[in-house]
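One structure is given here, and the rest of the page talks about it.
The values are calculated or read from the model by the stated rules, or taken from the named source; none is laboratory data. In this text the structure is predicted, and so the values were computed from the model without any measurement. Cβ placement follows ideal geometry from the backbone for every residue including glycine, while neighbour counts extend to all protein chains displayed. We work out accessible area using only protein heavy atoms, side chains counted, and drop any ligands, DNA or RNA first. Shrake-Rupley method; radii C 1.70, N 1.55, O 1.52, S 1.80 Å.
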Amino acid sequence: MPLKLYLRNGIWNYRGTVAKRRLRGSTGIPEKHKDLAARKVAQIEVTAWKCSVDGPETVLTFAQAALMYRAAGKSDRFLAPIEDYLKDTLVRDIKSGTIRTMAMELFGHCSGASRNRLAIIPAQAIINYAADSELCPRIRVKRFKEDTKEKPFATLGWVQALAKEASPQLGAYALLMFLTGARPTEALECDIDLPGCTALLHESKIGHERRAHLPPMLVAAIANLPKSNRPLFFYYNIEDLRPAWEGAIKRAGIQRLTPHCCRHGFITGLLRRGIDVKTAAWLADMTVETLVKTYAHAIKDRTLTNVLTDPPADLPNILEKISNG
């Protein structure tokens, strides 16, 4: 039977069967505008028939695909700008070039890696999620070239030098990132369980949570923080703490590193202390491929090849000394 309008809490709703599909929902239109509600329901009927005859790809818009993606509980961190850009564009009309153009127009001022992360990856994920439901074909998008320049990493000595010139909160914050591998934002927003020696990290970048162990040094640093009505580490966001971070680096006279370099230090430190790559990747909650490509740092000392012929007894101490700079 065709869709019929009915009122619920002053809003026109509809229900009925079109093309053997049971449909029901809200028009979002108040009681006084019944004519608008009727027109909207007529459009819904036309769309349903068209989908039945010509296939779902003829009517599926990017906005609809994004709603499905969100409803499935997927991460929505980077979706808003690309949803606003593609809006009611039919998914079948979105090609690789469409998404790359969007990335340049929205994030042309960013690096290739950022354009990939902020635009290409989420847009492709939305379309391919719809494809898994057989609503459209899958899509592949050529990524932008990423800078392969090796990023610096923090060491425990660097973090301790920073802490000496920083507030207790900022020092504990840096130590948390270095000893758990937390991203800067995750470290600010984590839930600490001191008796259990754990931190629940809300990994916004990939849309889930992980629980990290807190070593005794970190438990002590957090336990000794002064009580405050502000967040645990005092700062609400990264921009809020940046001046204090830069000031502590300047006073300590140490290499200028960003908070994210502490995550690099976490992984590099594990590897240089003999933790295998697979275990280090598990502890950081990332793939081995990502760890090796982005976070692992070589010990650039050509004389290490001497160990092949005459391994020194104190090799572990040598490696630790190099690791700590």
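The table below lists the values:
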quantity: Top of Lys278, Lys145, Lys20 by mean-square fluctuation, Gaussian network on the chain, Cα under 10 Å; calculated: Lys20
quantity: 222 nm mean residue ellipticity, helices alone, for the chain (DSSP H n ≥ 4; -39,500 (n - 2.57); rounded to 500); calculated: -13500 deg cm²/dmol
quantity: Extension gain, Cys197 back to Glu150 (0.36 nm per residue minus Cα-Cα distance, nm); calculated: 13.7 nm
quantity: Rel. contact order, % - alpha carbon contacts under 8 angstrom, at least six apart, the stretch 158-305; calculated: 27 percent
quantity: Shape call, the stretch 124-264: gyration tensor on alpha carbons, a/c limit 1.5; calculated: prolate
quantity: Residues in the stretch 262-295 reached by a label modelled at Lys164 [backbone nitrogen below 20 Å; 7 Å Cα→Cβ]; calculated: 262
quantity: Protection-proxy order for peptides 279-286, 238-245, each taking the mean of Cβ atoms within 10 Å per residue, highest first; calculated: 279-286, 238-245
quantity: Protection proxy ranking of 214-223, 160-169, 173-182, 117-126 - average other beta-carbon atoms within 10 Å, highest first; calculated: 173-182, 117-126, 160-169, 214-223
quantity: Additional length obtainable on full extension of the chain from Met104 to Lys32, 0.36 nm per residue less Cα span; calculated: 21.5 nm
quantity: For the stretch 66-167: accessible area per residue (Å², 1.4 Å); calculated: 57 Å²
quantity: For the stretch 191-273: rounded, prolate or oblate by the Cα gyration tensor [a/c cutoff 1.5]; calculated: rounded
quantity: Proximal aspartates and glutamates relative to Lys278, as straight alpha-carbon distance under 18 Å, when same-chain residues fewer than 8 apart are discounted; calculated: Glu289
quantity: Given Lys20/Lys40; Lys95/Lys145; Lys4/Lys32; Lys32/Lys87; Lys74/Lys293, the pairs whose alpha carbons are separated by over 22 Å; calculated: Lys32/Lys87; Lys74/Lys293
quantity: At R0 = 41 Å, FRET efficiency that the Cβ-Cβ distance of Val277 and Met68 yields, to 0.05; calculated: 0.65
quantity: Additional length obtainable on full extension of the chain from Arg251 to Leu308, 0.36 nm per residue less Cα span; calculated: 16.3 nm
quantity: Accessible area per residue, Å², the stretch 251-299 with all protein chains present, probe 1.4 Å; calculated: 53 Å²
quantity: Sequence-distant residues sharing a close amide H with Cys136 (under 5 Å, placed H); calculated: Ala131
quantity: For Glu209, distant residues with modelled amide H under 5 Å away; calculated: Glu203
quantity: Anisotropy class of the stretch 133-204 from Cα gyration tensor, a/c 1.5 cut; calculated: oblate
quantity: Estimated FRET transfer efficiency (Asp285, Lys95; beta-carbon r; R0 25 Å; 0.05); calculated: 0.15
quantity: Accessible surface ranking that places the most exposed of Tyr236, Tyr129 first, with a 1.4 angstrom probe; calculated: Tyr236, Tyr129
